[in-house]
Amino acid sequence: MKISFPPPAGAALALALALALALAAATAAAADTGAPTIYGIVDASVSRDTGRYAAGATTTLGSGGAYGSRLGLRGTEPLGPGLAALFELESGFNVDDGTLAQGANLLFGRKALVGLRGPLGSVKLGRQDSPLYSATVNFDPFREGVTGAYTRVMGAISSLRRNDNTVAYTPPALGPLRAELAYSAGERAGGAGRGAAASLTYADGPLSVAWSAQNANSKPVAPAPVVATRLRALGASYAFGWATASVLASTTRTDAGADVRDVLLGATVPLGAGLLQLSYIVHRDRAAAGADARQGALGYVRPLSPRTGLYGRYARIGNGPDGRLGLAARADGGAAAGTTERLVTLGCYHFF
């Protein structure tokens, strides 16, 4: 039996369960050295968005400008020589209004998994990040958040980031090589929602290289057909000492005829007591030439302590005549196709 809650009740349930989990973990910590760990990030920002809406610019107090706000609980239990059980529950929330970030009925919308880790690797079952996302996110100087992040342009990586009903296997590392495999059961007739992903990462000293692939079927409402998406990505980064440079290329194709190519060039440069972030993304839509776009982004992060910091970001998305990246949907008053969007964000974060 599936119970659904309307948004207000769902949010209240999430808060109540999160507090209960925190109390339970705190109690266990006093008696068990292997107690679960509570962790999280609180991120709030003020943004000025120009070009997104037809009616004009907007100023908003938002959440997750640099890091998605979250509350999580993770833990392990030794089961014998080299074998351990593990779990992780992670809920995303919006600081500005306290709502759940991944949907009103998703209590642990960011992550919900359990598994085993041993000499032959680890197996995790549940809702979790795809191997492709995990392999590509570190090549973006802005990583996650809203302003400047690569997921605003490379939309397939964003929409396929978290996978439900997934079994993931990570074999033991072979020196600098690390692999990950995942399979998602669609749990619907006709293969709807089914998916598979894989990644292979090489990291040795200043050099990192990663290849990743993901195939995913859509979850249409009948009688719409199932559409298969094929996503491939290759990235690399090199730390020169005075700066770290990165490049990421991806292709996205679907059975419906979509054919998109994206290339990201990025750099992070230590500057003063903080870190300067730069990226430039070229988005090519081969199925609709007028829908090409480019995003340029500049940011600066100033840590105040190991857990707290301030940040500022600026991003500009220049759309082709038929492009709509960064623009609100027409039904929500979005600007006309081809409009250039500019987003300025100032915020602060705290890790705990």
(Q) Checking the structure you have, find out if any residue of the stretch 301-314 is free of Cβ contacts under 8 Å to residues at least 12 places away in the same chain and either open to solvent by less than 70 Å² (accessible area, probe 1.4 Å) or part of a strand (DSSP E or B) (or both). (A) yes
Q. When you go through (1) assigned to a loop (DSSP other than H, G, I, E, B); (2) open to solvent by 50 Å² or more (accessible area, probe 1.4 Å) one by one for GLY68, which number turns out not to apply?
A. (2)
Q. Quick one: how many residues across the stretch 100-123 are farther than 23 Å from ALA182 by Cα and surrounded by fewer than 17 Cβ atoms within 10 Å (Cβ to Cβ)?
A. 1
Q.
Cβ-Cβ distance below 6 Å, separation of 6 or more or different chains: which pairs start in the stretch 42-68 with a residue that is within 21 Å of LEU278 (Cα to Cα) and end on one that is of a type in the set (S, T, N, Q) and open to solvent by 20 Å² or more (accessible area, probe 1.4 Å)?
A. SER47/THR60; ARG48/THR59; ASP49/THR58
**Q.** Out of ARG143, ARG117, ARG127, sole residue that is within 20 Å of LEU278 (Cα to Cα) and either out of contact with any strand residue (DSSP E or B) (no Cβ under 7 Å at 6 or more places or on another chain) or in a strand (DSSP E or B) (or both)
**A.** ARG143
Q. Given the conditions (1) open to solvent by less than 70 Å² (accessible area, probe 1.4 Å); (2) of a type outside the set (A, V, I, L, M); (3) closer than 30 Å to GLY338 by Cα; (4) touching a helix residue (DSSP H, G or I) at 6+ places or on another chain (Cβ under 9 Å), and given that SER45 satisfies all but one, which numbered condition is not satisfied?
A. (4)
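What about LEU325, is it farther than 24 Å from ALA156 by Cβ and either free of Cβ contacts under 8 Å to residues at least 40 places away in the same chain or outside any strand (DSSP E or B) (or both)?
No, not satisfied.
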Q: Could you tell me which of the residues ASP255, ASP262 is more than 20 Å from TYR300 (Cα to Cα) and either open to solvent by less than 30 Å² (accessible area, probe 1.4 Å) or in contact (Cβ under 8 Å) with a residue 40 or more places away in the chain (or both)?
A: ASP262
Q.
Looking at the stretch 326-334, can you tell me whether even one residue there is under 19 Å from ALA57 (Cβ atoms), in contact with a helix residue (DSSP H, G or I) (Cβ under 7 Å, 6 or more places away or on another chain) and open to solvent by less than 50 Å² (accessible area, probe 1.4 Å)?
A. yes
(Q) Just to be sure I understand the filter: pairs with C-beta atoms under 7 Å, separated by 6 or more residues or on different chains, first member in the stretch 155-167 and at positive phi, second member in a helix (DSSP H, G or I). Which pairs pass? (A) none
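The values are calculated or read from the model by the stated rules, or taken from the named source; none is laboratory data. The structure displayed is predicted, hence computed values, not measured ones. Quick reminder, even Gly has a Cβ in these numbers, built from the backbone with ideal geometry, and neighbours come from all protein chains shown. Calculation scope for accessible area: heavy atoms of the full protein, side chains included, ligands and nucleic acids excluded. Shrake-Rupley method; radii C 1.70, N 1.55, O 1.52, S 1.80 Å.
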